[in-house]
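The values are calculated or read from the model by the stated rules, or taken from the named source; none is laboratory data. Here the structure is a predicted model, which means the values were calculated and not measured. FYI the Cβ positions are ideal-geometry reconstructions off the backbone, even for glycines, and counts take in every protein chain you see.
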2 protein chains.
Amino acid sequence: MRLSKMYIRTLREVPNEAEIPSHIWLLRAGMIRRLVSGVYGFMPLGFRSVRKIEDIVREEMDAKGGQEIHMSALQPAELWQESGRWYAYGPEMWRLRDRNEREFCLGPTHEEIFTDIVRSEVSSYRQLPLNLYQIQTKYRDEKRPRFGLMRSREFVMKDAYSFDRDWEGLDQSYRDMYDAYERVFTRCGLVFRAVEADTGAIGGSASHEFTALSEVGESEIAYCGSCDMAATSERAECVNDTPSDEAELPLEKVVTPGTKTIAEVAGFLKVDEKQTIKALLFRVYGEAEESVSYVAAFIRGDRELNMTKLVNALGVPEHAVEFADEAEMGAVTGSVGGFTGPVGLHDCKILVDSELVGLKNLVAGACEKDHHLINVNYGRDYKGDIVTDLKLIKAGDKCPVCGAPVKMARGIEVGQVFKLGTKYSKSMGAYYKDENMNDQLIIMGCYGIGVTRTLAAIVEQHHDENGIIWPMSVAPYHVIVTVVNTEDEQQTVLAETIYQELLKAGIEALIDDRKERPGVKFKDADVLGIPVRITVGKKAAEGVVEYKLRKESAFSEISAEAAASDAIAYVRAELSK
Amino acid sequence: MRLSKMYIRTLREVPNEAEIPSHIWLLRAGMIRRLVSGVYGFMPLGFRSVRKIEDIVREEMDAKGGQEIHMSALQPAELWQESGRWYAYGPEMWRLRDRNEREFCLGPTHEEIFTDIVRSEVSSYRQLPLNLYQIQTKYRDEKRPRFGLMRSREFVMKDAYSFDRDWEGLDQSYRDMYDAYERVFTRCGLVFRAVEADTGAIGGSASHEFTALSEVGESEIAYCGSCDMAATSERAECVNDTPSDEAELPLEKVVTPGTKTIAEVAGFLKVDEKQTIKALLFRVYGEAEESVSYVAAFIRGDRELNMTKLVNALGVPEHAVEFADEAEMGAVTGSVGGFTGPVGLHDCKILVDSELVGLKNLVAGACEKDHHLINVNYGRDYKGDIVTDLKLIKAGDKCPVCGAPVKMARGIEVGQVFKLGTKYSKSMGAYYKDENMNDQLIIMGCYGIGVTRTLAAIVEQHHDENGIIWPMSVAPYHVIVTVVNTEDEQQTVLAETIYQELLKAGIEALIDDRKERPGVKFKDADVLGIPVRITVGKKAAEGVVEYKLRKESAFSEISAEAAASDAIAYVRAELSK
């Protein structure tokens, strides 16, 4: 392709909207274009890379027996009402009505649709196992779309669904997909970790997230340097502190004027924050619009609450939980802003972190302004409606498997695999007949890859201060031939010869034949990140050109023939990796 | 691919919902699946054929310098308000709001989006010409979705947009696309005609529709056997009958009890229907909700009204025009159901077919129950606010070019090319700077291919009473190897050998290794329409198999080696056509 004919517009300045490298460079390379917040279009080079990722995904899915189909983005509300998720999905779901006022959504995911296919078309054990997948546009009306392709409202996703006769079959399907994902992300040039993950709104019994490591990632993962424990921070189990063997002292109310925070009360009473109880108060919406209830969660003062664990413990959708208004909740439950404790609270659900059960003589709010209770003990002074792990893991915490100190890292979630089990087959009635003609629930798994997010993750891991450095597998073009001076006929002829030779060898080549200053061309080549650059300049008369890899700063002066054949060999070697 | 592992479900019965062959066979072959009215999913075999059509389109677009991009389906209302089409598009447009109540639509087409890209990113004449295209999902909330993929509410379309410096450039871009379309549809195996078309809601100055000929098509085309005139019936100009040289007789009111139709009044008054004037009454909505006006259209009694010409003459969107309520319109304009004529009507816009101007002494309603006027003459007795061609062409009418009798045919609109000119660049401000740094409007064209509708059109033209007969270029697989008895090892081994040989040669092959009765397998192979079938049966022991083309009824018994090599040669020859 000739750059002189190509629709391309690189930017010299960092666009205002962009904060992180992938967003900046994809915009500056003119590969994506923002239409409105969280909605992007793909320009010629950007779309080429997207299609390459799609083809890698397709090959690896097909290799595991996946069969590609293509379902609509429009989904009727009834299917989601059947599964119970029409309510559970919340405002992230784009909802719309057709001209007859029938309700639809734009699919944020396709469990319902695929379950519906299988329940009506699979009848016999002989049709199983089955793995159906699609690469398709998904919609999520994110509250805060940001970081370009990282969290957008319309995006390309590969979603696969496996259907098995039994749990052993699901284990096999899950392993197959896990393996396929490792190959996909490796081929895309990503450094990643597969970590245990929460099953969230999708539901199910087990899940792994594939996380491309990156400082700008929105996922936090906890992993152990000593054993192979690795999990998202949302999911990671926390080890409780050793129970105390102190004797229980008498409960006592003390005056603690103006000590609204844990730090303030610990300072005022001269105790460690570990000796205090932190309260977090929530309002929870029920399925009916008017139904509201209150929840108070208690954890040790130095801990952070893990919202995912809270939501899972309550068994409600995430969007149904919000921080309570102090006055409103106080009127109903007796809570007092800054001074709420578990003793004396009423008409609200009390959740207690399991660590608190073993600790003695703690400080907690007295549900009375400017007062705390000391020597608060679980069992004697208060009880929880639910007692469970509600803590967020942090660096240095004990590994739940081996006890070594946990490390934390950030990453971008590019894929996730789920064992759904019978969640959808049960709610939507997807059965098969076994060898004895008995009805059995189909056992399901689901498996997603964020295709456009993967593009962003690749750029996050592969760029420098001058632009993108594409891995060959997903580069929009393999080689760029830069003509320094298009007025010089010798340069033009030599560049053209090399270009044609590359094309003949099946290499995807660009020729920068624009009437632009050399500096502009070099800058653009760097921004675009084409893996190999062959520069045809003054030494064209001698048949000598410059050969340079984008990922290296050094270049060599070699003969035009050597440049072409080196490029061809290098590209082929990289692609066959 | 092994049919024993494949997700496939053919139907023995014609599904209730299906009326036309393409709909019936695509469902019976299990290639598509209905989710709700007008919304379909593509199953493995169906999606393979869709992708083949997409690739043919892509190749031909690229050959003409088209550059592929991919824009969002979500489009903000503001762009459509700028072009004026937010109102013009009517209820066919799926509209929705995001969580912040911002208005969006699901793109029924992308003129606004592409104009927006170009106005902000093209600044110089040196960036033109440009042809950008995408293959993407489109949404139209059809009033009556029907015929499967023929008129659906979510469908795949290729849309391209050309941007030129001047009208000569547009002519060239238009010709290029016209040529590309001829190649695309030829390669897809379609018999089609390119006919002049109305520019409808898209707007613009010239257009051709590519129509796959088919009895079940919704497009009617008029063409001439003597010259190359060909146009959609909506668009086709009509030739007026020879003006009359009769003297004008005095206007007279006559009693015509109960003669509400043209046939009744002509019979009662014993005149030819050509001597009468037919009235058609409409209510027209303005942009403001409450603004309503009335229109009366008059044509010769034996003619049919052409709604497209009426709507174009009024300069309003199609959805703004509906048949008037007799009583309601009568109260305002003096019209009388069944007895309305142009004389005496008031407070409504009067449209007169140009043919009526030259005719003398006609019969028209008297705007009075059970009365008509005779000897009605244009000019003396009534005038039109608009006088233009409002007639629908019919077989036998004079060709507007050469005068020979016109023929009519039906077809499926699979593509359309438009010269948009400056319609969008003007309303949305898309300029480039010319050599003298003067701002010039960009001259645009747009070009669509209904990808999924093309799939249906192919089946319409390629099927028999047993199923689909795929052209090789778009067949989901090229060859099917049918094992008559999978319990017979000799058959299984021989079939496997042939199958592997085909795969090795790069042929897309299926092997029907299911434990099914031979009759089921033959029936399925016919329904699926795979171009070549090699049947391995009893003569496997002798190394002899059956070789059969789907499109022929005859088969031959040949050696297994010959069958494989014949199939390979045949597939390659067909694909290189």
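Does B:ALA88 satisfy being more than 24 Å from the chain's Cα centre (by Cα), small (Gly, Ala, Ser) and more than 8 Å from chain A (Cβ to nearest Cβ)? The answer is no for B:ALA88.
Tallying residues that are facing another protein chain (nearest Cβ under 10 Å), more than 14 Å from A:VAL39 (Cβ to Cβ) and among the small types (Gly, Ala, Ser) within segment A:149-167 yields 0.
Might you let me know whether segment A:109-131 holds any residue that is within 11 Å of chain B (Cβ to nearest Cβ), of a type in the set (Val, Ile, Thr) and farther than 18 Å from A:GLN75 by Cβ? Yes: one or more hits.
Please determine, by comparing only the residues of segment B:1-36 that are assigned to a loop (DSSP other than H, G, I, E, B) and touching a His at 6+ places or on another chain (Cβ under 9 Å), which one is nearest to the other protein chains (Cβ to nearest Cβ). Residue satisfying both the conditions and the ranking: B:PRO15. No other residue among A:LEU351, A:LEU359 is over 30 Å from the mean Cα position of the chain (by Cα) and closer than 25 Å to A:GLU237 by Cβ apart from A:LEU359. The single residue among A:VAL571, A:VAL527 that is farther than 18 Å from A:LYS5 by Cα, crowded, with 21+ Cβ neighbours inside 10 Å, under 34 Å from the mean Cα position of the chain (by Cα) and of a type outside the set (Lys, Arg) turns out to be A:VAL571. Of the strands (runs of 3 or more DSSP E) lying entirely inside segment A:37-121, the ones with 3 or more residues being assigned by TED's automatic domain parsing to the domain that holds A:VAL451 are found at A:74-76, A:94-97, A:103-106. Summed over segment B:261-292, the residues that are in a strand (DSSP E or B) and surrounded by fewer than 17 Cβ atoms within 10 Å (Cβ to Cβ) give a count of 1.
Considering B:SER335, B:SER291, the condition of being of a type in the set (S, T, N, Q) and free of Cβ contacts under 8 Å to residues at least 24 places away in the same chain is satisfied by B:SER291 alone. Given the criteria within 16 Å of A:VAL481 (Cβ to Cβ) and small (Gly, Ala, Ser), does A:ALA560 qualify? In short, yes.
When you go through A:GLU60, A:GLU101, A:GLU78, A:GLU82 one by one, which is the residue that is without any contact (Cβ under 8 Å) to a residue 40 or more places away in the chain and more than 10 Å from chain B (Cβ to nearest Cβ)? Unique residue meeting the criteria: A:GLU101.
One residue stands out among those in segment B:367-396 that are in contact (Cβ under 8 Å) with a residue 24 or more places away in the chain and touching a Pro at 6+ places or on another chain (Cβ under 7 Å): the one that is nearest to B:ALA313 (Cα to Cα), which is B:TYR382. Can you pull out the residues in segment A:66-75 that are within 7 Å of chain B (Cβ to nearest Cβ) and small (Gly, Ala, Ser)? Listed by number, the residues that qualify are A:SER72, A:ALA73. Residues of segment B:38-57 that are out of contact with any Asp or Glu (no Cβ under 7 Å at 6 or more places or on another chain) and at the interface with chain A (Cβ under 9 Å from one of its Cβ atoms): B:TYR40, B:GLY41, B:PHE42, B:MET43, B:GLY46, B:ARG48, B:VAL50, B:ARG51. Each residue in segment A:293-322 was checked for being part of a helix (DSSP H, G or I) and either in contact with a helix residue (DSSP H, G or I) (Cβ under 9 Å, 6 or more places away or on another chain) or of a type in the set (Gly, Ala, Ser) (or both), and 9 of them qualify. Out of everything in segment A:507-522 that is under 18 Å from A:ARG28 (Cα atoms) and in contact with a strand residue (DSSP E or B) (Cβ under 8 Å, 6 or more places away or on another chain), what residue ends up being surrounded by the most Cβ atoms within 10 Å (Cβ to Cβ)? The selected residue is A:ASP512.
Per the listing A:VAL191, A:VAL184, A:VAL255, the residue uniquely in contact (Cβ under 8 Å) with a residue 12 or more places away in the chain and over 22 Å from A:VAL417 (Cα atoms) is A:VAL255. In segment A:226-260, what residues are among the basic types (Lys, Arg) and surrounded by 19 or more Cβ atoms within 10 Å (Cβ to Cβ)? Once the filter is applied, which keeps residues that are among the basic types (Lys, Arg) and surrounded by 19 or more Cβ atoms within 10 Å (Cβ to Cβ), segment A:226-260 yields only A:ARG235.
Being more than 14 Å from every other protein chain (Cβ to nearest Cβ) and either touching a strand residue (DSSP E or B) at 6+ places or on another chain (Cβ under 6 Å) or modelled with pLDDT of 95 or more (or both) holds for only one residue in B:TYR174, B:TYR139, and it is B:TYR174. Residue-level check: of (1) assigned to a loop (DSSP other than H, G, I, E, B); (2) farther than 29 Å from B:VAL311 by Cα; (3) within 11 Å of chain A (Cβ to nearest Cβ), B:LEU190 misses just (3).
Hey, does segment B:38-45 have a residue that's touching a helix residue (DSSP H, G or I) at 6+ places or on another chain (Cβ under 8 Å), surrounded by fewer than 24 Cβ atoms within 10 Å (Cβ to Cβ), farther than 22 Å from B:GLU218 by Cβ and of a type outside the set (A, V, I, L, M, F, W, C)? There is at least one residue in segment B:38-45 that is touching a helix residue (DSSP H, G or I) at 6+ places or on another chain (Cβ under 8 Å), surrounded by fewer than 24 Cβ atoms within 10 Å (Cβ to Cβ), farther than 22 Å from B:GLU218 by Cβ and of a type outside the set (A, V, I, L, M, F, W, C).
Exactly one residue out of B:ALA364, B:ALA430 is surrounded by 18 or more Cβ atoms within 10 Å (Cβ to Cβ), out of contact with any Pro (no Cβ under 9 Å at 6 or more places or on another chain) and more than 23 Å from B:VAL311 (Cβ to Cβ): that is B:ALA430. Taking segment B:205-249 as the range and being at pLDDT below 95 and of a type in the set (Phe, Trp, Tyr) as the test, only B:TYR223 passes.
Let's see how each residue does on (1) outside the structural domain of B:ALA297 (by TED's automatic domain parsing); (2) farther than 12 Å from B:ILE299 by Cα; (3) out of contact with any Gly (no Cβ under 7 Å at 6 or more places or on another chain):
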site: B:PHE323; (1), (2), (3): no, yes, yes
site: B:GLU326; (1), (2), (3): no, yes, no
site: B:THR333; (1), (2), (3): no, yes, yes
site: B:VAL352; (1), (2), (3): no, no, no
site: B:VAL363; (1), (2), (3): no, no, yes
site: B:CYS367; (1), (2), (3): no, yes, no
site: B:LEU373; (1), (2), (3): no, yes, no
site: B:ASP381; (1), (2), (3): no, yes, yes
site: B:GLY384; (1), (2), (3): no, no, yes
